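Scroll down for the structure; my scribbles are underneath it.
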Amino acid sequence: MSSMKNLLHILALTALAFFACAMPALAQDAKDYPAKPIRFIVPYPPGGGTDVVARILSEPLAAVLGQPIIIDNRGGAGGSLGTELAAKSAPDGYTILFTLSSHTINPRLYANLPFDTERDFTAVSLAALSPQILVANPSVPANNIRELIALAKREPGKLNFASVGTGSPAHIAGELFKLKTGVDMVHVPYKGGGPAIADTLGGQVQLAIVTLPAAIQYVKAGRLKALAIASDTRSAAAPDIPTIAETVPDCVVNSWYGALAPAKTSPAIVAKLQAAFAKVLAMPDVKEKLFAQGAEAKSSTSTEFAARIHDELKEWEYVIREAKIKVE
C-alpha cells in the first residue's frame, strides 16, 4: 500500500512538472508568434467571395500581427482539396484555412471526405456574414413570405427557385424553407449567381436564392422583388427587407466566412490570431470594404465559432437527409 502511495505521489509530481514546463512553452509560442509569413489557404478559386473577403482582411491582419499574410488559392472538389491541405498542415499557426459556410454542408453532402470538419480543425474566428436573399420575378403574384407560401400551396410543384448549385447555402436555404412550410417548389441549380439571376430576370425561373450583392441592384431598380433574407437578423445593407424567420420561425441559413487552424495548434497561438481578427473586424475601413461586397464584419471567440460549426453540422445533416439532396 505504501509503495502504491509513493507511486501515485511520483506520478502527481511528474504531471505537475510537465504542466509547469508546458505552460511557459505555450506562452513563449504566443510571445514569439508570428515570426514569419502566415499562409491563408482559400479552398476556392481567385475572384470568388471567399477570396475577396480574405484579401480585404489580409493587409490589416498583417499590420496587426507584424507579418505578411499570403493568400494561397487551392480550389477544386467543392473546396475539399484546399481544406484537406490545411487539415494536414503543421499545427504551428503558419497555415490557416479561410473558408465559408459550405464547410459545414459538404461533410453531409459528400461521402468519405479525407478530413473531419471538427476533429481536424480548431476554430479561430468568424470573419463575416453574407446574407442569402430570396427574390422573385415581378410577375410572381407574391410580395412577401406569407403570400409566397399561400401561392405555393395553391399551386404545388409549379414554382421553381434558382440557386448557385446543388448543396450550396442557397440550395440548403430553399430546402429548409420547404421543410418548414410544407410547400412543394422545384430547385433549379446554376453554376453561379450571375446565370441564376439572369434567368430569374428573364422569367425562366420564378424565384432565386442568391447572395445579397448578386441581386440587390436589381431589387433597387425594380426588376426583381425582394421577399426576404435567410439570415437570423436583417441585413444592415438592406434593413427594410425582412427575414424569412420573421414569418417562418427557425428558417435560418447564415452564410459566413471564417478562419480555422489545424487541430492541435497551440491555444495561445489561436488566442492571438482570434484577438487579431477581433481588432481588424472592428476597424471602420474594413467594415466599409466588406459592406461594399455585401458582407458584414463579424468576429467571434474560438468557442463561439466551434459551437456554430457543431450546430450547423447537425442541422444540415437533417436538411440534406430529409430533402434527399444528392450531388451528381
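At a 1.4 Å probe radius, which order do K272, K298, K289, K220 fall into by accessible area, largest first? The partial results should precede the final answer.
Working: K272 75, K298 95, K289 115, K220 165 Å².
Ranked list, largest accessible area first: K220, K289, K298, K272.
How much accessible surface does W316 have with a 1.4 Å probe, in Å² rounded to 10?
Accessible surface of W316 is approximately 10 Å².
Pairs to check: K31/K279; K178/K225; K158/K314; K191/K324; K36/K272. Give those whose C-alpha atoms are more than 23 Å from each other in this structure.
Cα-Cα > 23 Å for K158/K314; rest within.
Kirkwood hydrodynamic radius (Cα pairs, Å) of the chain? Present the calculation step by step, with values, prior to reporting the outcome.
Working: mean 1/r = 0.0471 Å⁻¹.
Evaluated on the chain, it is 21.3 Å.
So, taking all protein chains as they sit and a 1.4 Å probe, how much accessible area belongs to R74, in Å² rounded to tens?
Ignoring ligands and nucleic acids, R74 comes out at about 100 Å².
Test of understanding: extend the Cα→C-beta vector of K279 to 7 Å, then name every residue of the range 285-325 with backbone N under 20 Å from that spot.
Under cut-off, by backbone N: 285-290, 297-303.
Would the range 84-209 count as rounded, prolate or oblate if I go by the C-alpha gyration tensor, calling it rounded below 1.5 in a/c and otherwise prolate when a/b exceeds b/c, oblate otherwise? Can you show the working numbers first?
Working: a/c = 2.76, a/b = 2.42, b/c = 1.14.
Because a/c hits 1.5 or more and a/b exceeds b/c, the range 84-209 counts as prolate.
Assuming R0 = 45 Å, what is the FRET efficiency of Q204 and A271, from their Cβ-Cβ distance, to the nearest 0.05? List each step's numbers first, then the result.
Numbers: r = 50 Å, r/R0 = 1.12.
So the FRET efficiency works out to roughly 0.35.
Ignoring ligands and nucleic acids, what accessible area does Y44 show with a 1.4 Å probe (Å², nearest 10)?
50 Å²
At Q67 and D116, where each label point lies 7 Å from the Cα along Cα→Cβ, what is the point-to-point distance in nanometres?
2.8 nm
Which aspartates and glutamates does K326 reach when only Cα atoms under 13 Å apart count, and residues fewer than 8 places away in its own chain are ignored?
Partners found: E175, E317.
Which value, in Å², gives the accessible area per residue of the chain when a 1.4 Å probe is used on the protein heavy atoms? List each step's numbers first, then the result.
Details: 15300 Å² over 328 residues.
Normalised by residue count, the accessible surface of the chain is 47 Å².
For the modelled label position 7 Å from the Cα of S139 along Cα-to-Cβ, which residues of the range 197-218 have backbone nitrogen atoms closer than 13 Å?
Output list for this probe position: 199-207.
The values are calculated or read from the model by the stated rules, or taken from the named source; none is laboratory data. Not measured: the values here are computed from a predicted model. Note that we place each Cβ from the backbone using ideal geometry, even for glycine, and neighbour counts take in every protein chain shown. Each accessible area value is taken on the protein alone, full model and side chains, heavy atoms only, with ligands, DNA and RNA left out. Shrake-Rupley method; radii C 1.70, N 1.55, O 1.52, S 1.80 Å.
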